[in-house]
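To start, the structure under review is shown below, and the notes come after it.
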Amino acid sequence: MSTMRVLVTGARGYLGRNVVEQLRAAGHTALPFSGDIREDAIPPSDGVIHLAALARVRESFDNPLAYYDVNVTGTLRLLRSAPARFVLASTAAVYGAPAGDVLTEDHPRRPANPYAATKAAAEDAVAWTARGGPLAAVTLRLFNLAGGGDRDDTRLITRACGVAAGRLPSMEVYGDGTAVRDFVHVRDAARAFVLALETCRPGHEVYNVGATPASVADVLAAVRRVTGAEVAVEWKPAHPGEARVSRADTTRLRALGWLPVESDLDALVRDQWAARR
């Protein structure tokens with residue numbers, strides 16, 4: 001397809017840097033936006049990939065208005081700039097504590113915290129805007145990003161590698177380590193954003209982005225296997241109501257031609273370990 005000039009919000013972030021890299025690799029011109037999307041002028045483009053957001057669950061309970069202001073108001077302002085194509089980064093957290101183990105995009109949304117609620121509201125704004133006009137829009141619901149030199153020690157693989165390296169003293173594990181989550185390499189996720197932008201059509205589609213289901217115990221074993229180092233663990237009681245298993249059904253995204261190529265569990269750990277050392 002023809003090349004595009006693509007505005008990327010949150011371009012300096014963990015995912016954003018990789019999205020910019022993948023856009024350029026695909027021949028597009030990335031326009032990193034580092035301003036305040038609630039106030040600064042929105043430059044013209046052929047499409048928008050909207051990644052900028054506040055994304056700390058615990059912090060969102062303390063300051064929900066700030067989360068609505070940035071995550072919802074910012075999305076509305078970008079939509080008012082009337083882009084032809086729009087790809088929104090959302091989260092699997094919109095599903096809440098799901099009733100099933102494997103989540104399709106049709107699973108009911110039950111956000112259980114202000115952060116997830118603001119992402120659900122942003123999804124709705126995108127969907128209704130696309131329904132009422134010519135906008136071609138996609139929402140990508142991200143599961144657990146990993147690899148690529150992540151610096152967020154709240155993420156499981158990143159923290160486990162930090163403990164193995166001696167940079168962090170230990171990690172807290174809530175429950176018995178059997179809870180399963182779905183992991184995807186940040187570069188595989190970035191490729192999904194480029195593909196979504198290139199293939200979107202008028203209307204709104206939603207796709208899950210996940211790749212490798214693994215338990216906490218699986219992750220700890222992989223870190224020990226890859227690094228040869230022990231991971232000190234502080235065991236804590238499980239959080240009440242926490243989902244035991246959360247896996248992404250990615251059938252829809254794979255039908256577009258997306259395949260995760262860097263998201264094997266050992267490969268994720270190896271990449272994170274090498275990048276941070």
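The Cα center of the range 135-156 and the Cα center of the range 81-98 differ in position by 12 Å.
Once the Cα atoms are used to define both axes, helix 265-276 deviates from the longest principal axis of the chain by about 80 degrees.
Show that you can apply the helix-only estimate: for the chain, add -39,500 (n - 2.57) for every DSSP H stretch of four or more residues, divide by all residues, and state [θ] at 222 nm to the nearest 500. The partial results should precede the final answer.
Numbers: 10 runs with 100 residues, N = 277.
Computed ellipticity for the chain at 222 nm equals -10500 deg cm²/dmol.
Mean sequence separation of contacting Cα pairs (under 8 Å, at least six apart), scaled by the length of the chain, corresponds to a relative contact order of 20 percent.
What is the Å³ per residue value for the convex hull set by the Cα atoms of the range 1-103?
133
A simple spin-label model places the labels of residue 76 and residue 242 3.5 nm from each other, with each point 7 Å out along Cα-to-Cβ.
Taking a ≥ b ≥ c as the square roots of the eigenvalues of the Cα gyration tensor, an a/c ratio of 1.5 or more together with a/b larger than b/c marks the range 129-253 as prolate.
The percentage of C-alpha pairs in the range 99-149 whose separation is greater than 15 Å is 61%. Note on residue 170 and residue 84: with the Förster distance fixed at 51 Å, the Cβ-Cβ geometry gives a FRET efficiency of about 0.55. This model, with +1 at the C-beta of Lys and Arg and -1 at the C-beta of Asp and Glu, gives the chain a dipole about its Cα centre of some 380 debye. Helix 216-227 and the long axis of the chain differ in direction by around 80°, with both axes built from C-alpha atoms. Label sites at residue 110 and residue 254, each approximated as a point 7 angstrom past Cα along Cα to Cβ, lie 2.7 nm apart. Once the cut-off is 22 Å, how many percent of the Cα-Cα pairs in the chain end up in the long-distance tail? Counting pairs separated by more than 22 Å, the tail of P(r) holds 57 percent.
Take the convex hull of the alpha carbons in the range 127-189; its mean projected area over all directions comes to 6.5 nm². For the chain, the solvent-accessible area with a 1.4 angstrom probe is 45 square angstrom per residue. Restricting attention to the chain, close to 10% of DSSP beta bridges with both partner residues there are antiparallel.
Helix 14-25 and the long axis of the chain differ in direction by around 60°, with both axes built from C-alpha atoms. Once the mean of 1/r is taken over each pair of separate Cα atoms and inverted, the range 189-270 shows a Kirkwood hydrodynamic radius of 15.5 Å.
Projecting the Cα positions of 25, 64, 8 onto the charge dipole of the range 1-65 (unit charges on Cβ atoms of Lys, Arg, Asp and Glu, taken about the Cα centre) puts 25 furthest along the positive direction. Other residues whose C-beta falls under 9 angstrom from the C-beta of residue 187 contribute a net charge of -3, scoring Lys and Arg +1 and Asp and Glu -1.
The values are calculated or read from the model by the stated rules, or taken from the named source; none is laboratory data. Just so it is clear, the model here is predicted, and its values are computed rather than measured. Note: ideal-geometry Cβ built from the backbone for every residue, glycine included; neighbour counts use all protein chains shown. Remember, those area values only see protein heavy atoms, side chains included, never the ligands or the DNA or RNA. Shrake-Rupley method; radii C 1.70, N 1.55, O 1.52, S 1.80 Å.
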